[in-house]
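Beneath this line is the structure, given in structure tokens, with notes to follow.
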Ligand SMILES: *Cc1c(COP(=O)(O)O)cnc(C)c1O
């Protein structure tokens, strides 16, 4: 028999827009013994996780729980549960993940209208509001932080105008949750999807979602309980398992991603659905606990600080940043690949020689930019300084002419200034 080696993944500095490094406390939580999914000890952990998710999403919503699957499963659960075939949907797109929303909305039968901005920019909220008045959609769906282009979209004005017109506003906050402010209630967002493997620094495999009673109303109107779980009806007028015509038309087409059934599972009735991912729930709960111990505000400031140091270093080495700076996503920094340089060769050497991973991009930005993530547990001073030193060395090795030694000094200066504002003047 082949003898397979012991599992021994290298320790990396992961400076991508996800997955990122995971706090050792979360790794430890993942290794604890399994509890049964209806064990009161376990359901208590489920309830605590919901409480912490409400704090993360900054919401008073009853529903805030993880969908099991990567972030995309959370997006698909929300869209599949909220979009009825024929619903008019408006999707403003400014990067790859906007196209993903369109893709999913069309697959579940939405009548999708899109508006697009050139990659590297975002929408003026007025442009979206004008499109809303033109399209008159039932739902507006958009991305908060576009990791493909490193941009962040202001949402508050759009949310307010959707609420005034009684339109559901759904937001993909996968990249931003836990790294920059996401105000579910204040920005009038009816459903929000977060991610674990980005700024929360938990492995990929769960998607925290929250939605309010406006969204729940639509979900419940489309509810269909699984055959094997129904309590048989005795009345001959409603024979068991028969669906009304309205139910036939509009029931939620996915079983696994059906929010109406998932919420029963996360409620005191604990109506069985799938088997909860025990270990992932331990990991998510620990990740949330770490986040609350740090404090949301302090966490946002930490992301800002390391972004500042990274940018100072990159600029000192003469790198040019991609995209409109006025809408830069704080947790992803995009760098134009210098002319004549093979971006993949630089990335390969960073990983192979220095154990540092940065990302390339998608579609029309493939081969044109590198993307550097500063998310969650990966967002640390030692990572920033090591990356700047390594990138400088690798670029020199590739024949790029740059002022050697400046980058790390510029970043150190930012950190000194932060530590004692007066002394550094
Ligand atoms: C990463 C990301 C996703 C997809 O997440 P998966 O966990 O890979 O499914 C969706 N939207 C945005 C904005 C992202 O950054």
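The values are calculated or read from the model by the stated rules, or taken from the named source; none is laboratory data. Quick caveat: nothing in here was measured; it's all calculated off a predicted structure. All Cβ positions, glycine included, derive from the backbone under ideal geometry; neighbour counts span all protein chains shown.
Can you tell which of 100, 79 is under 18 Å from residue 176 (Cβ atoms), in contact with a helix residue (DSSP H, G or I) (Cβ under 8 Å, 6 or more places away or on another chain), part of a helix (DSSP H, G or I) and modelled with pLDDT of 95 or more? Exactly one residue qualifies, and that residue is 100. All but one of (1) crowded, with 19+ Cβ neighbours inside 10 Å; (2) part of a helix (DSSP H, G or I); (3) in the same structural domain as residue 105 (by TED's automatic domain parsing); (4) touching a residue at least 60 places away in the same chain (Cβ under 8 Å) hold for residue 309, so report the exception by its number. That leaves (3) as the condition not met.
Hey, any hits in the stretch 40-58 for a residue that's farther than 30 Å from residue 185 by Cβ, modelled with pLDDT under 95 and surrounded by fewer than 21 Cβ atoms within 10 Å (Cβ to Cβ)? Within the stretch 40-58 (the criterion being farther than 30 Å from residue 185 by Cβ, modelled with pLDDT under 95 and surrounded by fewer than 21 Cβ atoms within 10 Å (Cβ to Cβ)), the answer is no, since none of the residues qualifies. Out of curiosity, is residue 140 surrounded by 24 or more Cβ atoms within 10 Å (Cβ to Cβ), at negative phi and not in a loop (DSSP other than H, G, I, E, B)? Against the criterion (surrounded by 24 or more Cβ atoms within 10 Å (Cβ to Cβ), at negative phi and not in a loop (DSSP other than H, G, I, E, B)), residue 140 qualifies. Scanning the stretch 103-125 for residues that are without any contact (Cβ under 8 Å) to a residue 12 or more places away in the chain and either outside any loop (DSSP other than H, G, I, E, B) or touching a strand residue (DSSP E or B) at 6+ places or on another chain (Cβ under 8 Å) (or both) yields 103, 106, 107.
Of note, residue 332 satisfies the criterion of being surrounded by 15 or more Cβ atoms within 10 Å (Cβ to Cβ) and within 20 Å of residue 415 (Cα to Cα).
Can you say whether residue 380 is within 18 Å of residue 305 (Cα to Cα), in contact with a helix residue (DSSP H, G or I) (Cβ under 9 Å, 6 or more places away or on another chain) and modelled with pLDDT of 95 or more, as far as the supplied structure shows? Here the answer is yes, as residue 380 does meet what is asked.
For (1) within 16 Å of the ligand (Cβ to nearest atom); (2) in contact (Cβ under 8 Å) with a residue 12 or more places away in the chain, each residue gets a yes or a no:
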site	(1), (2)
154	yes, yes
159	no, yes
166	no, no
194	yes, yes
209	yes, yes
217	no, no
220	no, yes
223	no, yes
230	no, no
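Let me spell it out: the conditions are (1) within 12 Å of the ligand (Cβ to nearest atom); (2) farther than 30 Å from residue 323 by Cα, and residue 47 meets all of them except one. Which number is the exception? Of (1) within 12 Å of the ligand (Cβ to nearest atom); (2) farther than 30 Å from residue 323 by Cα, only one is false for residue 47: (1).
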